[in-house]
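Comments concern the structure below.
The values are calculated or read from the model by the stated rules, or taken from the named source; none is laboratory data. Quantities reported herein were computed from a predicted structural model and do not represent experimental measurements. As a convention, Cβ positions derive from the backbone with ideal geometry for all residues, glycine included, and neighbour counts pool all protein chains shown. When the accessible area is computed, the model is the full protein with side chains, heavy atoms only, and any ligands, DNA or RNA have been set aside. Shrake-Rupley method; radii C 1.70, N 1.55, O 1.52, S 1.80 Å.
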Amino acid sequence: MERVLSNKKAICFFILPALIIFIAIIIFPIFMSGYYSTLQWDGIGKSKFIGIDNYITLFTNHEDGFIESIKNSVILAFLSVFIQLPISLVLALVLSNKVRGENFYRSVYFIPVIVSTVVIGQLWMKIYHPGYGLLNTFLRNIGLDSLAKEWIGSTDTALGAVFVPVVWQYIGYHMLLMYAAIKSISSDIMEAAKIDGASSVQTAFRITIPLIKPILEVCVTFAVIGSLKTFDLIYVLTGGGPVHATEVPSTLMFNTIFHKYQYGYGSSMAIFIIGECLLLTVVIQRLFRMKKA
């Protein structure tokens, strides 16, 4: 094994297939999208080179809802970091404390992650249904008929109603990452804390959380990037409506390309999403490095 790892030709030989696939399905499409974003093109007919006009239109055209879609994705990122991750952390801390049924609860919380997003979307559509939905039925049964609404059909409530399942779906995912990190901490450290008289809360804040900061950085990065590029669940629930109320950049990009046939303009949205994700990844890494220092 040491001979293979020291052989650069062998390393290149084993890396090359994965590198070719990565370039073909990731790098090449990104560059092609960058090229398409400089065109005025419907995806079929002749194209016209217009430079950066599509990018200028992104921030000057207030009719397509792009600015609002950015705001919505930022709100989702905020909710993911300050609601989703704290819940995941609390669950991970509780489950890692050798509670009864630990394996069962760990599996149950992870189920939404592995269930198809379309299935989850259909489930929440039934919950939010204005007629027979579980939520409105519950409100009516306890005498709160005035609170029953068309949750995903009204511009006032659609955004919040859509964000609930989006945040809920990946709580188990982040919980499992944190749980694994907590379980990797040496039991000697935990036992020493108990001997010193530290409570569970003190142990969590002074020992456990500081020791799992690397995985917390990963979770924050995944939560933010996932929020900025979220698509499937929002598309299933509302398609970005009503009246762009739940629109995020990815749903707007999809509708622009495949419904309005503005391939060049939609490609500029795709490049914006990529750039936004890369920028925030760097920012998050810098923030965690500053805290370590």
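Things worth noting here:
- Yes/no for M253 being under 17 Å from N54 (Cβ atoms), open to solvent by 20 Å² or more (accessible area, probe 1.4 Å) and in a helix (DSSP H, G or I): yes
- Number of the condition not met by A198 [criteria: (1) assigned to a loop (DSSP other than H, G, I, E, B); (2) touching a residue at least 12 places away in the same chain (Cβ under 8 Å)]: (2)
- Qualifying positions in the stretch 261-284 - of a type in the set (S, T, N, Q), over 16 Å from the mean Cα position of the chain (by Cα) and open to solvent by less than 70 Å² (accessible area, probe 1.4 Å): S267, S268
- Scope the stretch 216-249; condition in a helix (DSSP H, G or I) and either touching a Gly at 6+ places or on another chain (Cβ under 6 Å) or open to solvent by 40 Å² or more (accessible area, probe 1.4 Å) (or both); matching residues: V218, F222, D232, L233, Y235, V236, L237
- Looking only at the stretch 34-55, and only at residues there that are buried (at least 18 other Cβ atoms within 10 Å of the Cβ) and of a type in the set (S, T, N, Q), the one that is farthest from the chain's Cα centre (by Cα): T38
- Long-range neighbours under 7 Å by Cβ, at least six apart or interchain, first residue outside any helix (DSSP H, G or I) within the stretch 142-166, second surrounded by 21 or more Cβ atoms within 10 Å (Cβ to Cβ) and polar (S, T, N, Q): A148/N136; I152/T238
- Of all the residues in the stretch 40-97, those that are outside any helix (DSSP H, G or I), among the aliphatic types (A, V, I, L, M) and free of Cβ contacts under 8 Å to residues at least 40 places away in the same chain number 1.
- Odd one out for I83 among (1) out of contact with any Phe, Trp or Tyr (no Cβ under 8 Å at 6 or more places or on another chain); (2) at pLDDT below 95; (3) not aromatic (F, W, Y): (2)
- N136 free of Cβ contacts under 8 Å to residues at least 24 places away in the same chain, open to solvent by 30 Å² or more (accessible area, probe 1.4 Å) and more than 16 Å from the chain's Cα centre (by Cα): no
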